[in-house]
Amino acid sequence: MNVLVSGAAGLYGTHTIEELLARSDVAKIYGLDDLSRGYPDRDGLPVNLLNGKVQNLKQRYQDLSVKEINSLNIDVVIHLAGYNSGKESMNTPEEYVLNNEYGTFQFMQKLLRTKNRPFFIYASTIEVYGEGASSLMDEKSCVMPQNTYAVTKLAAEQHIMAVGRWYNYPVTSMRFTNTFGENHGIYGYNSVVASFIDRALRNEPLIVYDTGEQTRDFIYVKDAARALSLAISYRKEAEGLIINIGSGTQVNINKLAKNIIELTSSTSDIINLPCEKGKHIGFKINTDLAEAVMKWFPVYSLEEGLLRTINWHKGLCSI
C-alpha cells in the first residue's frame, strides 16, 4: 500500500509518518509539504523519518496533477495540509479560503479522476462546533464556526463528504481537538500549549485570557496520529463517516498553565488579560464513535504528553 501524506512536515504529518512506518502493509510513503510555514530545526521531514520507505515531495498539494498522482500509484491520501489559526484567519481570510477550502476542493476533484481513487482521510477540527450548543458534543451536534479557519475546515469537509455520497468515493473526516506535541510550528500564531511551554522555559509570564476558568480538550499528537492510521485499518467501517477524535476530558486553562510551570520548573507568573473575540467556555467531546468504529481511544495522559513536548522544546534551545 502506498500512502500520500499532505502537510507531512508539520505536527500531525511527522507523527503520522512515524506511525505509518511501523506498519508492515505500507510499502511507500510520500511526504508532501511546501514548507511554507518553516521549521526551526530542519528543512523538510525530520532526519529519523528519512529512509527508503519515505519520499519527500517539496511542493503545494494543490499543484499535484492527476498524472502525477497516478504515477505515484497512491492507495490512501491523508490530507493534513492547511492553515490552522483562528486568529490569523480573521486577519487573512482570503488566504485561508483559498488554501483550506478551495485548495481541498481542487485536490478532491483531481482525485476523482485518478485511476486508483485513493481512500481520502481528511483532518478536520472540533472548532466547527463553535461555542457548542451543549456540554457534550458528538458528530451529530449542530455546527456554528466562529472564525474563518473553522468555516474553511467545515466547508472543505462538506465538499469531501458530498463527493463521497455523490460518486460513492471512499472518504472519512476526523474532527480533532486541540492537538499538541513535538514538531509543532513555533513561528507566528502558536497554540496555547506551545505558547505556555515556550514562555515557561524562558521564565516569561504566561498569558491567560479572561478568568482562565474556560476549558479545552487537549490531545497528544501521537494519539491523533494513531487515529489516522487506524482509519486505514478500519477503512470499510470508517468510510463515509465524520469521527470526533479527542481526549474526552476538559482541562481548565488556569490549571494547564500551572501544570506547565511546574513541569518546566519555571519561575513564570500567570497574567490574566481581557478576553479576545471568539471565546467559549468549553465543552466535552464525545468520542464513542471512534472507539466503536476503529477501536480507538487515547493512551497518553496529558502530563506524559506535556513532558515529551517540553523535552522537545528544550532541545530547540541548543540549535
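What follows is calculated from the coordinates using simple rules that are stated; it is not laboratory data. Just so we're clear, the structure is a prediction, and the values are computed from it rather than from any experiment. Cβ sites come from the backbone with ideal geometry, for glycine too, and all protein chains shown count toward neighbours.
Express in nm, to one decimal, how much length is gained between Arg308 and Ile281 on full extension, taking 0.36 nm for each residue of separation and deducting their alpha carbon distance. Don't skip to the answer; put the middle values down first.
Working: separation 27, 0.36 × 27 = 9.72 nm, distance 2.75 nm.
Gain on stretching Arg308 to Ile281: 7.0 nm.
Compute the Kirkwood hydrodynamic radius of the stretch 85-157, taking the inverse of the mean of 1/r over all pairs of distinct Cα atoms, and give it in Å to one decimal. Before the final figure, lay out the partial values.
On the way: mean 1/r = 0.0749 Å⁻¹.
Radius from the Kirkwood sum: 13.4 Å.
Computed from the mean reciprocal separation of all distinct C-alpha pairs, what Kirkwood hydrodynamic radius does the stretch 169-319 have, in Å? Let's see the in-between values first.
On the way: mean 1/r = 0.0604 Å⁻¹.
Hydrodynamic radius (Kirkwood, Cα pairs) of the stretch 169-319 is 16.6 Å.
Round to the nearest 10 and give me the degree value, 0 to 90, for the angle of helix 11-21's Cα axis relative to the longest principal axis of the chain.
The angle comes out near 50 degrees.
GluC sites (Glu not before Pro), restricted to the stretch 233-285: which are DSSP loop and have at most 14 other Cβ atoms within 10 Å? Please list the in-between numbers first.
On the way: sites: Glu237, Glu239, Glu262, Glu276; in loops: Glu239, Glu276.
For GluC sites (Glu not before Pro) across the stretch 233-285 that sit outside H, G, I, E and B with at most 14 neighbouring Cβ atoms in 10 Å, the list reads Glu276.
What angle, in degrees between 0 and 90 and rounded to the nearest 10, separates the Cα long axis of helix 302-316 from the longest principal axis of the Cα atoms of the chain?
The angle comes out near 90 degrees.
Give me the Debye-computed log₁₀ of I(q)/I(0) at q = 0.21 Å⁻¹ for the stretch 46-168, equal point scatterers on Cα only, no solvent, two decimals.
Computed log10 I(q)/I(0) values: -1.21.
If R₀ is 22 angstrom, what is the calculated FRET efficiency for the pair Asn272 and Glu95, using the beta carbon separation as r and rounding to 0.05? Mind showing how you got there, number by number?
Working: r = 31 Å, r/R0 = 1.43.
FRET efficiency, Asn272 to Glu95: 0.10.
Once the Cα gyration tensor of the chain is found, what semi-axes does its equivalent ellipsoid get, as square roots of 5 times the eigenvalues, in whole Å, sorted largest first?
Value: 31, 22, 18 Å, ordered largest first.
Using the Karplus curve 6.51 cos²θ - 1.76 cosθ + 1.60 with θ = phi - 60°, work out ³J(HN,Hα) for each residue of the stretch 65-73 in order, rounded to whole Hz, and write x for Gly and Pro.
Taking θ as phi minus 60°, the curve returns 9, 4, 4, 5, 4, 4, 5, 7, 6 Hz for the stretch 65-73.
How large is ³J(HN,Hα), in whole Hz, for each residue of the stretch 113-119 in order, when computed from phi with the Karplus curve 6.51 cos²θ - 1.76 cosθ + 1.60 and θ = phi - 60°, using x for Gly and Pro?
Going residue by residue, I get 9, 7, 6, 8, 6, x, 4 Hz, with x marking Gly and Pro.
Roughly how big is the chain's charge dipole about its Cα centre, with Cβ charges of +1 (Lys, Arg) and -1 (Asp, Glu), in debye to the nearest 20?
Details: 32 positive and 35 negative charges, 156 e Å.
The calculation lands at about 740 debye.
Counting only residues 5 or more places away or on other chains, whose amide H sits under 5 Å from the amide H of Ile243 once H atoms are built in the peptide plane?
Ser173, Met174, Arg175
Within 10 Å of each candidate Cβ there may be at most 13 other Cβ atoms; applying that plus a DSSP loop requirement, which trypsin sites (Lys or Arg not before Pro) in the stretch 106-199 survive? Don't skip to the end; give the middle numbers.
Numbers: sites: Lys110, Arg113, Lys115, Lys140, Lys153, Arg165, Arg175, Arg199; in loops: Arg113, Lys115, Lys140.
Here the trypsin sites (Lys or Arg not before Pro) that fit, given the DSSP loop and packing criteria, are Arg113, Lys115, Lys140.
Of Ser134, Asn168, Leu306, whose Cα points farthest to the positive end of the dipole of the chain (charges on the beta-carbon: +1 Lys, Arg; -1 Asp, Glu; origin at the Cα centre)?
Asn168
Please report how far the C-alpha centroid of the stretch 285-319 lies from that of the stretch 1-36, rounded to the nearest whole angstrom.
18 Å
Based on other C-beta atoms within 10 Å, arrange Met161, Met90, Met108 from fewest to most. Walk me through the intermediate numbers first.
Details: Met161 19, Met90 16, Met108 22.
Fewest-to-most Cβ neighbours within 10 Å comes out as Met90, Met161, Met108.
Which lysines have a Cα less than 24 Å from the Cα of Lys140, not counting those fewer than 8 places away in the same chain?
Lys153, Lys236, Lys279, Lys284, Lys295
Once the Cβ-Cβ distance between Ala133 and Gln109 is put in as r, and R0 is 45 Å, what FRET efficiency do you end up with, to the nearest 0.05? The partial results should precede the final answer.
Values: r = 33 Å, r/R0 = 0.72.
The value I calculate is 0.85.
Using alpha carbons only, how many degrees (0 to 90, rounded to 10) separate the axis of helix 221-233 from the longest principal axis of the chain?
20 degrees
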